[in-house]
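The values are calculated or read from the model by the stated rules, or taken from the named source; none is laboratory data. Here the structure is a predicted model, which means the values were calculated and not measured. As a convention, Cβ positions derive from the backbone with ideal geometry for all residues, glycine included, and neighbour counts pool all protein chains shown.
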């Protein structure tokens, strides 16, 4: 049976080992040793570096309290943990909501439906080979596939083949209290996704509008994408994503936009999973040779049901005027290349997941 790629946090909560309890403490500890490079032409700068990285480790609390009439209250508080330097990083999905027969309604900070629709198609998620190097990135700026502050999110019931999600954010990032400038007030966002999962097939459609997030007068930065997943059986699956994204800016008389695509293949044999991915960010309209190629190759070995180790190599190869880089870690640092250069990384990492009910 095909496993749905779109697994909202409400579903994770209900399927967790501690689902019978009032709640649980859960998290992911993920660290890697990376050799990163960016072909830096400045003789005063290093063009390669060895780093220890906390790859989106996090800690959270979540719970579900049944109510009358087949309803329940859902809540969650989740935050990044800085493994390499100690302390806390940026906040993650944090919300309170209501679950009923018609679906779930959540209020807080949450991954957008646009992001959730293809998260499961990213074979190298939350590593230096994350597909966000090209998917959701326009000209090297990560505009889409993000989390939204001040969000109201609706999710249809998770046990259906056809599912829908819709989110509205009064302010994509930042406060929404007065005083509030006119420009800031227009940084509202809409995000929607439609998903179909049946047997070996997954098909997802998503759309997102960011209002004037890019700046005053830059209205309706928006993106749309299609995601396809197919499970061939016997441990082999593939995925394909196509995306069209635009910032609302105008360059040389044309709206700044680009197409991108991502193709991946994975095969599981015993405890070992071999992975291969390729992506392409097309030229920005009005800017010649402004795209980039992305490639990743790696393997993951399951040490237990909750712990795995991996080795991977990834690279972003920019066109002459392209300025894309590898996915940054939680504090925003990453392998960023100058226009026309290549950013690459060789990574060895360990991931451990845990959940304890209370």
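Determine whether residue 90 is assigned to a loop (DSSP other than H, G, I, E, B) and over 11 Å from the mean Cα position of the chain (by Cα). So residue 90 does not fit the description; no. Checked against (1) more than 26 Å from residue 296 (Cα to Cα); (2) modelled with pLDDT under 95; (3) surrounded by 15 or more Cβ atoms within 10 Å (Cβ to Cβ), residue 77 meets all criteria but (2). Just a yes or no: is a residue in the stretch 43-63 surrounded by fewer than 17 Cβ atoms within 10 Å (Cβ to Cβ), at positive phi and either more than 19 Å from the chain's Cα centre (by Cα) or modelled with pLDDT under 95 (or both)? No, the stretch 43-63 contains no residue that is surrounded by fewer than 17 Cβ atoms within 10 Å (Cβ to Cβ), at positive phi and either more than 19 Å from the chain's Cα centre (by Cα) or modelled with pLDDT under 95 (or both).
So is residue 137 touching a helix residue (DSSP H, G or I) at 6+ places or on another chain (Cβ under 9 Å) and at negative phi or not? No; evaluated as a whole, the condition is false for this residue. For residue 227, indicate whether it is more than 20 Å from the chain's Cα centre (by Cα) and either part of a strand (DSSP E or B) or modelled with pLDDT under 95 (or both). When the stated conditions are applied, residue 227 does not pass them. Scanning the stretch 239-249 for residues that are touching a strand residue (DSSP E or B) at 6+ places or on another chain (Cβ under 7 Å) and either within 13 Å of residue 268 (Cβ to Cβ) or modelled with pLDDT under 90 (or both), we see that the one that is surrounded by the most Cβ atoms within 10 Å (Cβ to Cβ) is 247. Of all the residues in the stretch 284-312, those that are surrounded by fewer than 19 Cβ atoms within 10 Å (Cβ to Cβ), under 24 Å from residue 243 (Cα atoms) and in contact with a strand residue (DSSP E or B) (Cβ under 8 Å, 6 or more places away or on another chain) number 6.
Inspect all residues belonging to the stretch 314-333 and state whether any of them is over 21 Å from the mean Cα position of the chain (by Cα), within 28 Å of residue 92 (Cβ to Cβ) and surrounded by fewer than 22 Cβ atoms within 10 Å (Cβ to Cβ). Within the stretch 314-333, none of the residues are over 21 Å from the mean Cα position of the chain (by Cα), within 28 Å of residue 92 (Cβ to Cβ) and surrounded by fewer than 22 Cβ atoms within 10 Å (Cβ to Cβ).
Condition check ((1) farther than 25 Å from residue 339 by Cβ; (2) assigned to a loop (DSSP other than H, G, I, E, B); (3) without any contact (Cβ under 8 Å) to a residue 60 or more places away in the chain) across all residues:
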| residue | (1), (2), (3) |
| --- | --- |
| 41 | no, yes, no |
| 56 | yes, yes, no |
| 60 | yes, no, yes |
| 76 | yes, no, no |
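Would you check if residue 25 is buried (at least 17 other Cβ atoms within 10 Å of the Cβ), modelled with pLDDT of 85 or more, outside any loop (DSSP other than H, G, I, E, B) and under 25 Å from the mean Cα position of the chain (by Cα)? Considered against the rule, which asks whether it is buried (at least 17 other Cβ atoms within 10 Å of the Cβ), modelled with pLDDT of 85 or more, outside any loop (DSSP other than H, G, I, E, B) and under 25 Å from the mean Cα position of the chain (by Cα), residue 25 comes out as no.
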